[in-house]
Each structure stands twice: as C-alpha cells, then as structure tokens.
Amino acid sequence: MAYHLCSSPSSRPPHDHPLFCNSLSPPFSLKPTPFRPSLTLKHSMHPFSLHSRTSLQIGRVSVQDPISEDTQNSNSSEFPNSDEKISSSSKSYIWVNPRSPRASQFRRQSYDSRYSSLVRIAESLNSCNPTEDDVFSILVGLGEKIVEQDGVVVLNNMSNPETAPIVLKYFQGKLKLSKEVILYNVTLKVFKKCRDLDRAEKLFDEMLQRGVKPDNVTFSTIISCARLSSLPKKAVEWYEKMSLYGCEPDDVNHAVMIDAYGRAGNIDMALSLYDRARAGKWKIDAVTFSTLIKIYGMSGNFDGCLNVYEEMKALRIKPNLVVYNTLLDAMGRAKRPWQAKSVYNELIKNGFTPNWATYAALLRAYGKVRYGEDGINVYREMKGKGMELNVTLYNTILAMCADVGYIDEAVEIFEDMKRSETCKPDSWTFSSLITIYSCSAKVLEAEAMLNEMLDVGFEPNIFVLTSLIQCYGKANRTDDVIRTFNRVLELGITPDDRFCGCLLNVMTQTPKEGLSKMTNCIEKANSKLGYVVKLIVEDENVEREIFRREAHQLFNSISADVKKAYCNCLIDLCVNLNMLERACELLDLGVTLEIYMDIQSKSLTQWSLHLKSLSLGAALTALHVWMNDLSKALENGEEFPSLLGINTGHGKHKYSDKGLAAVFESHLKELNAPFHEAPDQVGWFLTTKVAAKSWLESRCSPELVAAQILPS
DNA sequence: GGTGAGCTTA
C-alpha cells in the first residue's frame, strides 16, 4: 500500500513578506514555552549525574535517515504469564494418595469447580437488588459448609459497591473469622474498582469500630482508590496516616505512592521516595520506572528521564514497551527528535513491536520540531505494515501535518481515513484540517471543510473558530473576522488566552481602517488586553509609566504559554503604527519579566543578538536597541570582541518561507550594516570588530537610526 | 486480599 506524496514542502510558493506594511505577518507561534520546573530536582545519590551523557545521547541521528525498517522481529515474551495465583485450599471429599501425581491435578480440578461456582455467585450478586433479602438468598446457595476463603473469592470477584457490604455482613454473621481484615480488604477492592472513595473511607471507619486492625494491604487499596478517583492528595493523606495505625509502608505502598505523589504534583516527594527505595534496596519494577520517567518528563527534566532509563538498565531491570513509549514521549516533549529516534531504534533492537502509542509518540516528537518527512515516514511505515489506524493516530498525523504545513499530504491522509472501515473523522480531525487551510489563508477550502464538519453533525468549537479567525485575518477579511467573533459569543463560548492572542495577531495584519473594529472585539474578549491595545491605537499621549504599568498587569494576568505571543504582537502593533518608543518599552518589559530570555549576549570573543522566536517587529526593535547599546559601548571606549553576530534562527517557520533571516538580510543592507550571512552557520549574520566600529562611527546620532528603521 | 501504563488540536 504505497503512499504517494503529492508535493514537497519546498514546492510551495514563497510567502509574500514585505518589510513594513500592513501585511507584516509575524509567524504567529503559539507554541508553549518550555516548562520550567519550579523545583530543582536534586538527586545527589544517583549513580549517574543529571548531566552525564547516556547511551541515548550519543550522536545525533540525521533527519534524513530513514526509519529502520527492521521491525519485523517478533516480540520475545519478556514476562511469561504466571497463571499460578490461585492457591488450592479447598477440601476434597474423595481420598487420593497425596503423593500420587494425580493428587495435585485432582485438587486443582476440584478447586477450580468450586472457584467457578463462587465466581458465578459473585456475578449474580453484582446484578441483584442491594437488599439483605435478595443478597442473602443468593448466598444461601453456597450451602452450610462455607469457609472464610469463599467470602474472599466471592467479594474479590464483585464489582457492585451497593451489594458488596451486604455480602461482607453475611459472612461476618455466618463465620467466626480468623482473618477479618482480608474480607474488609477485598470489599475495599470493590470500592476501588468503582472509584468510590467515600464508601471506602466509611468502611475503613467501620472496621476500626469493630476492632479490626488495618494492614498494609488495606492502605494500598484505599490509596490506590484515591488515585484512581483522581484525588492524589487524598492518596498522600492516607499514606501519611499509615503510621498512626501501626503500619510501616512496604515496597508496594512505596510504588503506589511514587505514582500518587507524581500525580499530586509533589515531584520532590516522589523522587525522594525513589531515593529511599534505592537506598533501602526495595524492589522497583519496570512500571514504577516508567512512572518515574513520566514524572521527570512532566517536570521538564528530560535528562532526568534518560538517567532513570540508564539506572534501570544498570539495576538489570528490563525495560518494557511502556517504558520505551514513555521515554519516547518525553523526548518528543523535550524537542529532541534525534533522541526519540534512538529510543525507537533501541526498542526495535530489543525485539519489541511498536504499538499505536509508540507511533503516536514518534509522530508528536517529529511534528513538534517540524520534521515533516520523518513524520510522513512514520505514517508510511504504519500503512506499510498494514496497521489499522485509529482516530487518535489519524488525528495525531494530521496535527503533525498542520505543524509542518503539509496541505496535500493532509488531504490525502484525510481521504485515506474516510475510506477506512474502522474509524470516522471526529471534531478533532476537522479542526486540524481547518487549521491547516487557515494557516495558509485558504479561505474557500477552510470554509468547505467547516461545512463538511457541520454536515456530519459537529458543532464548531473554540479551536475551529480560532483557526477561522486566523484564516480571515490572513486573507485581510476583517468583516468576516468580526462575524466569526460574534458567532463565538453567540455560541456562548468563552474566549480563552489563545483565542485573544489570535485576535491580537490578526490585528497586527489589519489595515489601519479596520483597527477600531478589532479593538472593539478584543475589548469584549479580554478587557485588560483591550485596554492596552486601546492605549496603543488610540492614545498617543498616555504617559510612559502608565502604559508600562497596564502592560505589566496584562502580562501578569495571562497564562505563561501565550506571554511571548502577546508581547510579540503588541510590539508589532506599535511598530506598524510608528511607535518605536512604545515598542522599546514593551521589549524592555518583556526582558524584565523574562518573557524574552538572553536577547543580547557577550563573551570575550563575540557579542551577539539572538532574535529567534521574536516577531519581525520585536526583532527590529531589538536590533535598534542593540545598535544603540553598541554605540554607547563605543562612546565609552569599551573593548570590542573580534566578532559580532546576529542570530535570526533558521527561519523555517511553517507557512512562511521567508523567515526573519531573509527579511534581515535586506534590512541590514538598507542600513549599510556590515553584517554578512555566515556560510557555515545557518541564520547567523556576522561582522568583525573593525567593520562594526567603523560602521557605528559613520552612523549619525541614535535618534536618526530610529527613523531609519521605521516605515516611510 | 494490595501498585500499575501510554491519547491528541489553535
């Protein structure tokens, strides 16, 4: 089943990107900024330091490398199924020589038949009325010769939280129990299956009242019930209560708690339990290791993930597929596709067969960093193996296509999906396709896809409407933007930070006459943002301090992942309106609030300006500030380094073939600046100390430079 | 009688 690529990304027509005009369209990147862990994770006891290189860090795999096709290896069974959990403790009424080989077989058969009848009884108890009459009448069927173990087996196979306590009561009344705690524990297990922590807690109180002492199993069951009920903090509470009841946590309790602490967001505690587990030589299995990798990944400590992986190998614990998948996912989130590829190769080498989670993680890893070809290769590999893709996998591939701007490929995959017998496009699918068209301002196609979505019965959601607004904005159709915005309000959808960011981005592309309409929308969507925008568009004379204070308050009120996008757009708006001073003010605020990090850097040999992830307006503003700083340094007689450089990044942003680099090249020429593109360093413009100094000296006063970079 | 896993988007 060959997959044919209709076009390569480079065959798309170049995006028009003139320097200063209303079509100034900074590639609007709403990528979340890397998560910065608030806790420093110290693992002093680890045999591997967090900075040590692990086997997966060696060497970078080329993007162009084909993904290994060597995936036909059969999966060796890592964990033979042990099916020996059922102990034979029932009585046999026919004498068989206990030493004969037939004896154990006989015991087993006899027990199996008893066990099956107990399971059947449990099943009827799951569906009967929760009354003593009904429950007891079923249990009478057990006969008079019941033993404690019968109660354990029945309750252990139950799932009805209303009848289970009545069953418990029956056995308590019928038998003199020697291990009552076990009956309580299996009843708690029923509540755990139903994620009913309330009932579990009530039963715990009841067992205390009856004088039954809880044990470690009691606690691990309740703790696990809490974490399955998405109440990890409750899980922590119960764990901390253990010693009050004379229970010392054991291996199993710790393994559960590493997970529960991780889910409760208490990463320090999770890791310190892990440290204690290692120091105490407790048993830690592959599942717990995968939990640890996930915890490190969530905290943004991606080297920590690799170290855990190395550590488990050092402890001779065999990774399983889930460990590999978790690691793959973490490397994707870390934006390290080459390491994701290494993990993938390693799991293949070790004989595992990739499953959907493996492929989904790989696709996300490639999509995030726009490794389009690699992503499409994953799709080809899955199709080549005849894999049945599910909706999520299709959606992940389409999201990847949206990330890298593969329109034709997305359409083909969408058609393939519609032909598939096992899954149908859902609202996510349509949302991705609408996004793909919107990012390229293909209004007709986006609208057609919207109609197709409505035809099959999906309501437009905030994702779809955000994309459409972006589409109309790019196509300069302000009235359609306003119409769509009103539709959002009519549908009762609350604008979120990203939605407002999109409106703001549209505004940076809106011709002057449309600005007041856009301001109105933004005011309705977010009054704080609306106010700052109004100050920029309508109030030239507002005091600097007041403007800064309002902008500061705005940045404090929005989520971290949109701050840079907002700041970029606001600066673009200022630059579009010839307000360089305001732009500088916002850039400075952005630096102060650490929205922008390390724009300028100085080493002994090189001074640099880093413009990656800045919008065009923000980058030009930063250049202006840098040039002024250099002039000041020259005036002050500061020693210049041998090299000065500007890094614009590779400029391969999706949907924009002309990145910052191309725009800067011509802009630097206009300024007569002696910076030249470095042949061996993509995205770098370099100059020497001598050339820089003579150029700075030849420039007029800094004020005139301002005029030079502004649109005429 | 006890732990326990990857699945999404602007």
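The values are calculated or read from the model by the stated rules, or taken from the named source; none is laboratory data. Source: prediction; values computed, not measured. FYI the Cβ positions are ideal-geometry reconstructions off the backbone, even for glycines, and counts take in every protein chain you see.
For residues in the range A:638-653 being surrounded by fewer than 18 Cβ atoms within 10 Å (Cβ to Cβ) and at pLDDT below 90, which is farthest from the chain's Cα centre (by Cα)?
A:650
For the range A:554-570, enumerate the residues that are of a type outside the set (A, V, I, L, M) and surrounded by fewer than 21 Cβ atoms within 10 Å (Cβ to Cβ).
Matches in the range A:554-570: A:556, A:557, A:559, A:561.
On the basis of being modelled with pLDDT of 95 or more and polar (S, T, N, Q), does residue A:553 make the cut?
Yes; evaluated as a whole, the condition is true for this residue.
Quick grid of which residues meet (1) charged (D, E, K, R); (2) within 21 Å of the chain's Cα centre (by Cα):
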| position | (1), (2) |
| --- | --- |
| A:213 | yes, no |
| A:216 | no, no |
| A:226 | no, no |
| A:245 | no, no |
| A:248 | yes, no |
| A:257 | no, no |
| A:260 | no, yes |
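Name the one entry in A:266, A:185, A:216 that is touching a residue at least 12 places away in the same chain (Cβ under 8 Å) and under 27 Å from residue A:300 (Cβ atoms).
A:266 is the lone residue from the list that is touching a residue at least 12 places away in the same chain (Cβ under 8 Å) and under 27 Å from residue A:300 (Cβ atoms).
For residues in the range A:430-457 being within 12 Å of DNA strand B (Cβ to nearest atom) and hydrophobic (A, V, I, L, M, F, W, C), which is nearest to residue A:473 (Cα to Cα)?
The selected residue is A:439.
Yes or no: residue A:539 within 16 Å of DNA strand B (Cβ to nearest atom) and acidic (Asp, Glu)?
Judged against the criteria, residue A:539 is not a match.
Given the structure, is residue A:240 in a helix (DSSP H, G or I), surrounded by fewer than 21 Cβ atoms within 10 Å (Cβ to Cβ), more than 7 Å from DNA strand B (Cβ to nearest atom) and modelled with pLDDT of 95 or more?
In short, no.
Exactly one of these conditions fails for residue A:389: (1) within 13 Å of DNA strand B (Cβ to nearest atom); (2) assigned to a helix (DSSP H, G or I). Give me its number.
(2)
Checking residue A:382 against (1) within 14 Å of DNA strand B (Cβ to nearest atom); (2) touching a Phe, Trp or Tyr at 6+ places or on another chain (Cβ under 7 Å); (3) in a helix (DSSP H, G or I); (4) over 30 Å from residue A:446 (Cβ atoms): exactly one of these is not met. Which one?
Only one criterion is unmet by residue A:382, namely (4).
Taking the stated definitions as given, is residue A:402 surrounded by 21 or more Cβ atoms within 10 Å (Cβ to Cβ), closer than 30 Å to residue A:323 by Cβ and either among the aliphatic types (A, V, I, L, M) or under 18 Å from the mean Cα position of the chain (by Cα) (or both)?
Working: surrounded by 21 or more Cβ atoms within 10 Å (Cβ to Cβ): yes; closer than 30 Å to residue A:323 by Cβ: yes; either among the aliphatic types (A, V, I, L, M) or under 18 Å from the mean Cα position of the chain (by Cα) (or both): yes.
When the stated conditions are applied, residue A:402 passes them.
Hey, can you tell me all the residues within the range A:459-472 that are modelled with pLDDT under 95 and away from DNA strand B (no atom under 11 Å from the Cβ)?
A:459, A:460
Does residue A:375 qualify as being assigned to a helix (DSSP H, G or I), within 14 Å of DNA strand B (Cβ to nearest atom) and modelled with pLDDT under 90?
Considered against the rule, which asks whether it is assigned to a helix (DSSP H, G or I), within 14 Å of DNA strand B (Cβ to nearest atom) and modelled with pLDDT under 90, residue A:375 comes out as no.
Name the residue that is nearest to DNA strand B (Cβ to nearest atom), counting only residues in the range A:249-267 that are of a type in the set (D, E, K, R) and surrounded by fewer than 22 Cβ atoms within 10 Å (Cβ to Cβ). Explain how you work it out, then say what you get.
Residues of the range A:249-267 that are of a type in the set (D, E, K, R), as a first pass: A:250-251, A:259, A:263.
Next, only the ones that are surrounded by fewer than 22 Cβ atoms within 10 Å (Cβ to Cβ) stay: A:250-251, A:263.
On the way: A:250: 5, A:251: 7, A:263: 9 Å.
Among them, the one singled out is A:250.
Being surrounded by 22 or more Cβ atoms within 10 Å (Cβ to Cβ) and away from DNA strand B (no atom under 11 Å from the Cβ) is the filter; apply it to the range A:268-291 and report the residue that is farthest from residue A:339 (Cα to Cα).
Selected residue: A:273.
Could you grab the pairs with beta carbons closer than 7 Å, sequence gap of 6+ or different chains, first residue in the range A:227-247 and at positive phi, second one assigned to a loop (DSSP other than H, G, I, E, B)?
Taking only residues 6 or more apart or on different chains, not a single pair turns up.
Which members of the range A:525-544 meet the condition of being of a type in the set (D, E, K, R) and either at pLDDT below 95 or not in a helix (DSSP H, G or I) (or both)?
Within the range A:525-544, the subset of a type in the set (D, E, K, R) is A:528, A:534, A:538-540, A:543-544.
Within the range A:525-544, A:538, A:539, A:540, A:543, A:544 meet the criteria.
Do the conditions hold for residue A:510, that is, is it within 25 Å of residue A:435 (Cβ to Cβ), touching a helix residue (DSSP H, G or I) at 6+ places or on another chain (Cβ under 6 Å), away from DNA strand B (no atom under 16 Å from the Cβ) and polar (S, T, N, Q)?
Here the answer is yes, as residue A:510 does meet what is asked.
So in the range A:300-322, with the set limited to residues that are within 15 Å of DNA strand B (Cβ to nearest atom) and buried (at least 24 other Cβ atoms within 10 Å of the Cβ), which one is nearest to the chain's Cα centre (by Cα)?
Taking the candidates together, the pick is A:305.
Scan the range A:496-515 residue by residue and report those that are without any contact (Cβ under 8 Å) to a residue 24 or more places away in the chain and more than 17 Å from residue A:617 (Cβ to Cβ). Break it down into steps so the answer makes sense when it comes.
Filtering the range A:496-515 down to residues without any contact (Cβ under 8 Å) to a residue 24 or more places away in the chain leaves A:513, A:515.
Selection gives A:513 alone.
So residue A:490 clears everything in (1) free of Cβ contacts under 8 Å to residues at least 12 places away in the same chain; (2) within 16 Å of DNA strand B (Cβ to nearest atom) except one condition, right? Which one?
Unmet for residue A:490, out of (1) free of Cβ contacts under 8 Å to residues at least 12 places away in the same chain; (2) within 16 Å of DNA strand B (Cβ to nearest atom): (2).
Based on this model, can you work out whether residue A:427 counts as within 10 Å of DNA strand B (Cβ to nearest atom) and either closer than 28 Å to residue A:374 by Cβ or touching a residue at least 40 places away in the same chain (Cβ under 8 Å) (or both)? Please lay out each step first, then the result.
Working: within 10 Å of DNA strand B (Cβ to nearest atom): yes; either closer than 28 Å to residue A:374 by Cβ or touching a residue at least 40 places away in the same chain (Cβ under 8 Å) (or both): yes.
Yes; evaluated as a whole, the condition is true for this residue.
Among A:293, A:258, which is the only one that is over 20 Å from residue A:226 (Cβ atoms) and touching a helix residue (DSSP H, G or I) at 6+ places or on another chain (Cβ under 8 Å)?
Details: A:258 fails: over 20 Å from residue A:226 (Cβ atoms).
Being over 20 Å from residue A:226 (Cβ atoms) and touching a helix residue (DSSP H, G or I) at 6+ places or on another chain (Cβ under 8 Å) holds for just one of A:293, A:258, which is A:293.
So residue A:279 clears everything in (1) within 30 Å of residue A:124 (Cα to Cα); (2) touching a residue at least 24 places away in the same chain (Cβ under 8 Å) except one condition, right? Which one?
(1)
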